[in-house]
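Asker: Structure below; questions to follow.
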Amino acid sequence: MKITNSESNTSIAEIGDGIYRISTPVPPNPALPPGFTFNQFLIVDDEPLLFHTGPRKMFPLVREAIETVIPASTLRYLGISHFEADECGALNEFLALAPRAVPLCGAVGKMVSVDDVADREARGLGDGEQLSLGTHTVGWVDTPHLPHGWDCGYLFESTTSTLFCGDLFTQPGAEHPALTEGDILGPSEAMRSAMDYFAHARNTDQLLAKLAAKHPTTLACMHGASWNGNGSELLGQLAEVLGK
Ligand SMILES: [Fe+2]
Ligand SMILES: [Fe+2]
């Protein structure tokens with residue numbers, strides 16, 4: 001489904017049961033010659049969750065995409081992997097729009113950034129803490145500095161085995177399918193060789209193994225296509241190339 005908007009080609013597609021990927025392409029430009037995408041994920045349930053708000057300047061586009069599925073005012077949780085503009089730039093705009101919404105992040109994110117910046121107090125999840133949304137259940141996984149940010153962590157949705165893996169497997173380019181079974185590690189490594197966004201912390205291997213132990217079958221990537229397949233294996237391959 002494409003949203004008709006003269007300034008963008010924001011699209012929304014269901015990539016799992018009740019899980020929607022919203023994607024806004026940024027055309028090739030001097031800063032990022034191949035172009036780029038910013039993706040957000042909507043879990044439609046009794047307590048609807050939006051994983052990442054997108055940058056503040058994309059707020060109208062993301063809101064419009066959500067509205068094609070549910071009223072954006074019914075959002076309950078605004079999930080944040082780590083504190084950066086593309087993860088949560090439009091946080092206060094969404095909090096103003098959705099009266100029951102609260103930011104949802106890790107305990108570190110709540111402490112160091114979100115509770116100061118956000119207009120409503122965050123729900124901070126501890127490592128491994130589960131949260132029921134109705135039919136879906138998300139659990140928080142602490143992954144400090146993977147790929148960057150002390151506060152970094154991810155949500156794993158257990159009924160669909162979807163890992164909302166944020167900046168992991170960031171692929172360049174403005175044109176991507178919503179969901180692929182093709183290679184995303186090659187493109188994301190090409191991106192990393194040009195712009196290394198990883199902190200390369202000492203426990204990277206252990207954190208990737210912790211994510212692999214969830215056995216995700218869908219990787220919901222924030223930049224590029226989402227991926228379907230054996231997620232444990234792919235996370236293992238990422239650990240291997242990072243270790244070289
Ligand atoms: Fe980031
Ligand atoms: Fe990002």
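The values are calculated or read from the model by the stated rules, or taken from the named source; none is laboratory data. Small disclaimer: the values here were computed from a predicted structure and weren't measured. Positions of Cβ are generated from backbone atoms using ideal geometry, with glycine treated the same way; all protein chains shown enter the neighbour counts. Side chains are part of the model used for accessible areas, which takes the heavy atoms of the whole protein and leaves out ligands, DNA and RNA. Shrake-Rupley method; radii C 1.70, N 1.55, O 1.52, S 1.80 Å.
Asker: Consider just the alpha-carbon atoms of the chain and return their Rg together with their Dmax, both in angstrom.
Answerer: Looking at the chain, its Cα Rg and Dmax stand at 16.4, 48 Å.
Asker: Can you give me the orientation-averaged projected area of the convex hull built on the Cα atoms of region 1-122, in nm²?
Answerer: Orientation-averaged projected area of the Cα hull: 7.8 nm².
Asker: Kindly provide log₁₀ I(q)/I(0) values, in the same order as q = 0.12, 0.23, 0.24 Å⁻¹, from the Debye equation applied to equal alpha-carbon scatterers of region 65-167.
Answerer: -0.37, -1.34, -1.41
Asker: What is the packing order of peptides 126-136, 225-235, taking the mean over residues of other C-beta atoms within 10 Å and listing the highest first?
Answerer: Values: 126-136: 14.3, 225-235: 19.9.
So the peptides 126-136, 225-235, ranked by packing, come out 225-235, 126-136.
Asker: Testing the spin-label approximation: label points 7 Å from Cα along Cα→Cβ at ILE70 and THR217. State their distance in nm.
Answerer: Roughly 2.3 nm, to one decimal.
Asker: Dimensions of region 26-69 along principal axes (Cα, Å, largest first)?
Answerer: Its Cα atoms span 43, 16, 15 Å along the three principal axes.
Asker: Using Cα-Cα distances under 8 Å and only pairs 6 or more residues apart, what relative contact order does the chain have, in percent?
Answerer: Computed value for the chain: 16 percent relative contact order.
Asker: I've got another one for you. Take the alpha-carbon centre of region 129-173, take the same for region 184-200, and report the distance between them in whole Å.
Answerer: Computed from Cα coordinates, the inter-centre distance equals 19 Å.
Asker: Indicate, rounded to the nearest 5 percent, the antiparallel portion of the DSSP beta bridges found entirely in region 90-218.
Answerer: Numbers: 11 of 15 bridges.
Taking every DSSP beta bridge with both residues in region 90-218, the antiparallel ones total about 75 percent.
Asker: Work out from phi, with θ = phi - 60° and the Karplus expression 6.51 cos²θ - 1.76 cosθ + 1.60, the ³J(HN,Hα) of each residue of region 146-162, listed in order in whole Hz, and give x for Gly and Pro.
Answerer: Ordered by residue, 3J(HN,Hα) equals 10, x, 6, x, 4, 7, 5, x, 9, 9, 10, 9, 7, 6, 10, 6, 9 Hz.
Asker: Return the distance in nm (one decimal) between the two label points of a simple spin-label model at GLU240 and VAL112, each offset 7 Å from Cα along Cα→Cβ.
Answerer: Distance between label points: 3.2 nm.
Asker: Radius of gyration and Dmax for region 154-239's Cα atoms, expressed in Å?
Answerer: Reported Rg and Dmax, both Å: 12.2, 36.
Asker: In angstroms, what radius of gyration and Dmax does region 112-215 have, counting Cα atoms only?
Answerer: 15.3, 42
Asker: Tell me, what % of the accessible area of region 104-244 is carbon and sulfur with a 1.4 angstrom probe?
Answerer: 51
Asker: Let me ask you something else. Quick one: of the DSSP bridges fully inside the chain, what percent are antiparallel, nearest 5?
Answerer: Percentage antiparallel, nearest 5: 65.
Asker: For n ≥ 4 DSSP H runs only, could you compute -39500 (n - 2.57) per run for the chain, divide by its residues and tell me the 222 nm figure to the nearest 500? Working shown, then result.
Answerer: On the way: 6 runs with 52 residues, N = 244.
That calculation yields -6000 deg cm²/dmol at 222 nm.
Asker: Another question about this same structure. Given a 1.4 angstrom probe, I'd like the percentage of the accessible area of region 1-101 that is carbon and sulfur, rounded to a whole number.
Answerer: Carbon plus sulfur share of accessible area: 54 percent.
Asker: Using DSSP to call loops (not H, G, I, E or B), can you name the trypsin sites (Lys or Arg not before Pro) in region 84-177 whose Cβ has at most 14 other Cβ atoms within 10 angstrom?
Answerer: Here the sparse-neighbourhood loop sites are ARG100.
Asker: Can you work out the PRE-style zone for GLU181? Point 7 Å along Cα to Cβ, and I want the residues of region 194-228 with backbone N under 18 Å.
Answerer: Once the point is set 7 Å along Cα→Cβ of GLU181, 216-220, 225-228 turn out to lie under 18 Å by backbone N, inside region 194-228.
Asker: Probe of 1.4 angstrom, ligands and nucleic acids ignored: what's the accessible area per residue over the chain, in square angstrom?
Answerer: Computed with neighbouring chains in place, this is 41 Å² per residue.
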